[in-house]
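Values in this text are rule-based calculations from the coordinates and carry no lab data. Note that this is a predicted model, so its numbers are computed, not measured. Backbone-built Cβ (ideal geometry, glycine too); neighbour counts: all protein chains shown.
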Amino acid sequence: MSASLCFETVFDYDAKLKSIVDIEAEMAAQNFWDNQESAQETVGRLKSVKAIVAPMMELSAAGEDLEALIEMADEDESIEGEVRSEIESLEKQLDSLELKALLNGPYDNAGAILTIHARDGGTDANDWAEMMLRMYAAWAQKNDYQVIEFDRNNNDEAGINSASIAIRGPMAYGYLKSETGLHRLVRISPFNSEGKRQTSFAAVDVSPEISDSVEISIDEKDVRVDTYRASGAGGQHVNKTDSAIRLTHIPTNTVVQCQSQRSQHKNRDQAWKMLRAQLARLEEEKREAEEADKYANKSRVGFGSQIRNYFQHPDQRVKDTRTGFSMGDFHKVLDGEIQGFLDSLLNWRAKNNG
């Protein structure tokens, strides 16, 4: 079986082509944009399907071009270098498709709700949490993903105590879900007048942003609802009213909060979506645990429990504790160049759960 036919089978290529036709027909309806939220979900589904189909079409076309080049090379040895270059390009495309084939979880096509909390390390940890927030936003921008802020709790001195954002784009959750865990920074503290080295931690939690059509059973009696005054930017109205919402799912001790909107009603709706996302992720983890031992990346605090180390002193490097993958440019990673870590995590998950 040829490589292109193999991937057509893996990705159910014909079904995805039909899906594109069906979604585009749905979008052509006159009342399609009457419900903005539903419309955006549909647009997101189309992007996710095209993210698989488009590279397959490119791969198929490139394969035909390569066959023609090889025939020409039989008669003209001067183009052998061009053939080698084309083969290398095809191999990269195949590698990319192989990684996408690993994104086959029930919510991997969904957007991601990413929450960051400052942990051990005082003000340095608050600053580190904000640095990580910018890192993920930069990665999203590089991939033409949309970033929506749900909640942000600024620290009085520097950085943030916590923040929650949605990253919306094809397979955002599939790529980011393994970022859940503790991230450790070692650097010379800018908040220490003696210039001492400081170790600080930030905890990342990632859940799928699921559609309202997905059934998630939540008994409202199990959820405590608290309102409070929003903090930070947002205008006088935000700071004078209890517009922010916090939901606590008592059986699982899951807490979400939202204060991004001036309307308490809108914040409440968004908080419920965040809670549904968290509980959906817990259900996904239960299914994974039944199939294989869950890899230990859920720790929240303390030395030795981190999933990734970021060193700015004495040398500059970033290394994942699970895969061993590393990069020697700290600032490049913080500028959003994290795809290498995400790709290595996909392969690592496949080997450890397969």
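Some notes on this structure:
- Virtual spin-label span in nm between Asp144 and Ile250, 7 Å along Cα→Cβ: 4.8 nm
- Using only side-chain charges placed at the Cβ, +1 for Lys and Arg and -1 for Asp and Glu, the dipole size of the chain relative to its Cα centre rounds to 2540 debye.
- Of the trypsin sites (Lys or Arg not before Pro) found in segment 154-208, the ones in coil according to DSSP and having at most 13 other Cβ atoms within 10 Å of their Cβ are Lys196.
- Shown is the FRET efficiency for Gln312 and Lys351, computed with R0 = 41 Å from the Cβ-Cβ distance and rounded to the nearest 0.05: 0.85.
- Extents of the chain, taken as max minus min of Cα coordinates on every principal axis and listed largest first, are 77, 60, 42 Å.
- Dividing the C-alpha radius of gyration of segment 26-166 by 2.2 N^0.38 Å, with N its residue count, gives 1.57.
- In angstrom, the C-alpha Rg and Dmax of segment 126-222 are 16.5, 55.
- Annotation: peptides 142-155, 98-111, ranked by per-residue average of other Cβ atoms within 10 Å with the highest first, follow the order 98-111, 142-155.
- When the pairs Lys100/Lys351; Lys16/Lys273; Lys177/Lys266 are compared against a 20 Å limit on Cα-Cα distance, Lys16/Lys273; Lys177/Lys266 fall above it.
- Rounded to the nearest 0.05, the FRET efficiency derived from the C-beta distance between Val43 and Phe191 at R0 = 51 Å is 0.75.
- Each of Gly105, Leu185, Ser19 was placed along the dipole of the chain (beta-carbon charges, centred on the mean Cα), and the one lying farthest toward the positive end is Leu185.
- Taking amide H as placed 1.01 Å from N in the peptide plane, the amide H of Asp120 sits under 5 Å from that of Phe201, Gly302, each at least 5 places away or on another chain.
- Of the GluC sites (Glu not before Pro) in segment 152-231, the ones in a loop by DSSP (not H, G, I, E or B) with at most 13 other beta carbons within 10 Å are Glu157, Glu194, Glu215.
- Between the helical axis of 339-353 and the longest alpha-carbon principal axis of the chain there is an angle of about 90 degrees.
- At R0 = 51 Å, FRET efficiency that the Cβ-Cβ distance of Asp269 and Arg84 yields, to 0.05: 0.40
- Extension gain, Glu58-Asn154: 0.36 nm per intervening residue step, less the Cα-Cα distance, totals 30.0 nm.
- Using 0.36 nm per residue and subtracting the Cα-Cα separation, the extra length available between Glu98 and Glu26 on full extension is 22.9 nm.
- Sorting the segments 121-132, 328-339, 305-316 by their mean number of nearby beta carbons within 10 angstrom, highest to lowest, gives 121-132, 305-316, 328-339.
- Gain in span if fully extended, Asp34 to Ile70, counting 0.36 nm per residue against the direct Cα distance: 7.7 nm
- Per residue, the chain reaches -15500 deg cm²/dmol at 222 nm when only DSSP H runs of four or more residues are counted, each adding -39500 (n - 2.57).
- Shape of segment 3-101, Cα gyration tensor, a/c cut at 1.5: prolate
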